[in-house]
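Structure, as structure tokens:
The values are calculated or read from the model by the stated rules, or taken from the named source; none is laboratory data. Predicted, not measured: the structure shown is a model, and the values here were computed from it. Here the Cβ positions follow ideal geometry from the backbone for every residue, glycine too, while neighbour counts run over all protein chains shown.
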Amino acid sequence: MGRDGGVDVLIVSLGSTAGLRRADEELQLSMEKAGASVSLARAVAPVEVRTLMLTDLSWAHAARAAARRTLARLGGAPPRAIVYSSTTSALLWPRAGAIRFDAPSAGNRPGRHGLWQRPLERVRLRRAPLLLPWSEGALGELPVELRAGDRALVLPVAVEPSAGTRAVQAGSGSGRDLAAITYAANPSKKGLDRVLAAWRQVRAGRPPGEELVVVGASPQELEGAGCSPAGQEGVRILGALPQAEYRALLRRARVFVCAPRREDYGLAQLEALADGCQLVTTPAPGPYAALPLARTLDSRLVGEDLAGALRTALEDPIAEYASRALAALAPFRREPLDRVVAEQLLPRLLA
């Protein structure tokens, strides 16, 4: 499928979060398995700014610069297709292309936070030859006219157990020495304050030594967001970790607990399920792909009473939860997604 001296697909990777970076790497891997030649243009992280409007503008400029650099390097052999990873990376695109996204700005940039992004996003989505939402929920947040016809293909992010299925099938309790873990990048959006409050209630009646491990944000970042657990016993902050270390912690944890105020997909939750954690969560607006799975696996662990759900998960877990979770994740596994890429995405993208 590849061409001499050129590439089939250029992926413009915003990479503003660890989840976005993993999604782009998985997509590149799937395309290359199908025989396509792929180049990944990575945006250089801009200086942090105070508002979401300026943050998106900075990242959009960074994505455009990355695309331009790679297109210039390719010179007389431009890619046959471009995929922009996230609507933000497409806002200032130098050339039209497909757009892959976990959620549109129409959903996650309400009010003043998306004053300039939302109208420009609508223009880009109308001009894109192909739309690649991560979930049906993300597709549903688009205007009806953009969902019509065959311009959209739902393309989830591949999620695999980090140590093989046998380790997951060992269960959610046996050999797991961590009580609970949560992922707190963007702590306010992730509802870390609610998680800490629930843990404070639950830990009062639990054996000494049990911990809630907080990953994804440093103590300074948590303090800046007003979510610092300083002085709260039984909480350990580990900050940002390499993916392998983070997944190793998931394999040790009995429970993954979260209380997002909005969830655009829930990749961290899906990874936790893949590694055998019980998922304790509050409902949340947004295309929360992990939420229906959590409800199906154990409805007691989903609700506004986060402390009660967390206590239930620790004291009365379902014996087959981990193996049932792995079965429920079948549509998100790498093999079926590789088939979608080979049989549906690349033929439409390169047509």
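Things to note:
- Subset of the stretch 301-319 (residues that are farther than 16 Å from D275 by Cβ and not hydrophobic (A, V, I, L, M, F, W, C)): G303, E304, D305, G308, R311, T312, E315, D316
- V83 fulfils the conditions (1) surrounded by fewer than 20 Cβ atoms within 10 Å (Cβ to Cβ); (2) modelled with pLDDT of 95 or more except for a single criterion, (1).
- Qualifying residue in the stretch 64-73 (condition: touching a residue at least 24 places away in the same chain (Cβ under 8 Å) and farther than 22 Å from R127 by Cα): yes
- Checked against the criteria, L297 does not count as closer than 25 Å to G107 by Cβ and modelled with pLDDT of 95 or more.
- Residue in the stretch 134-143 that is in contact with a strand residue (DSSP E or B) (Cβ under 7 Å, 6 or more places away or on another chain), outside the structural domain of A43 (by TED's automatic domain parsing) and among the aliphatic types (A, V, I, L, M) present: no
- The stretch 193-215: number of residues that are free of Cβ contacts under 8 Å to residues at least 60 places away in the same chain and part of a helix (DSSP H, G or I): 4
- First in the stretch 44-57 and within 19 Å of E221 (Cα to Cα) and touching a residue at least 60 places away in the same chain (Cβ under 8 Å), second anywhere and of a type outside the set (A, V, I, L, M, F, W, C) and part of a loop (DSSP other than H, G, I, E, B), Cβ under 8 Å, 6 or more apart: L52/R109
- Residues of the stretch 321-351 satisfying the condition of being in a loop (DSSP other than H, G, I, E, B) and either in contact (Cβ under 8 Å) with a residue 24 or more places away in the chain or touching a Cys at 6+ places or on another chain (Cβ under 6 Å) (or both): L329, R333, L350
- Counting only strands (runs of 3 or more DSSP E) that fall entirely inside the stretch 231-282 and contain at least 3 residues that are touching a helix residue (DSSP H, G or I) at 6+ places or on another chain (Cβ under 9 Å) and under 30 Å from L139 (Cβ atoms), the qualifying elements are 253-258, 278-281.
- Condition broken by E221, with the remaining ones in (1) closer than 12 Å to N186 by Cα; (2) assigned to a loop (DSSP other than H, G, I, E, B) satisfied: (2)
- When the stretch 91-116 is filtered for residues that are without any contact (Cβ under 8 Å) to a residue 60 or more places away in the chain and in contact with a strand residue (DSSP E or B) (Cβ under 7 Å, 6 or more places away or on another chain), the ones remaining, listed by number, are R95, I99, F101.
- Residue check for S39: part of a helix (DSSP H, G or I), touching a helix residue (DSSP H, G or I) at 6+ places or on another chain (Cβ under 9 Å), buried (at least 17 other Cβ atoms within 10 Å of the Cβ) and of a type in the set (S, T, N, Q): no
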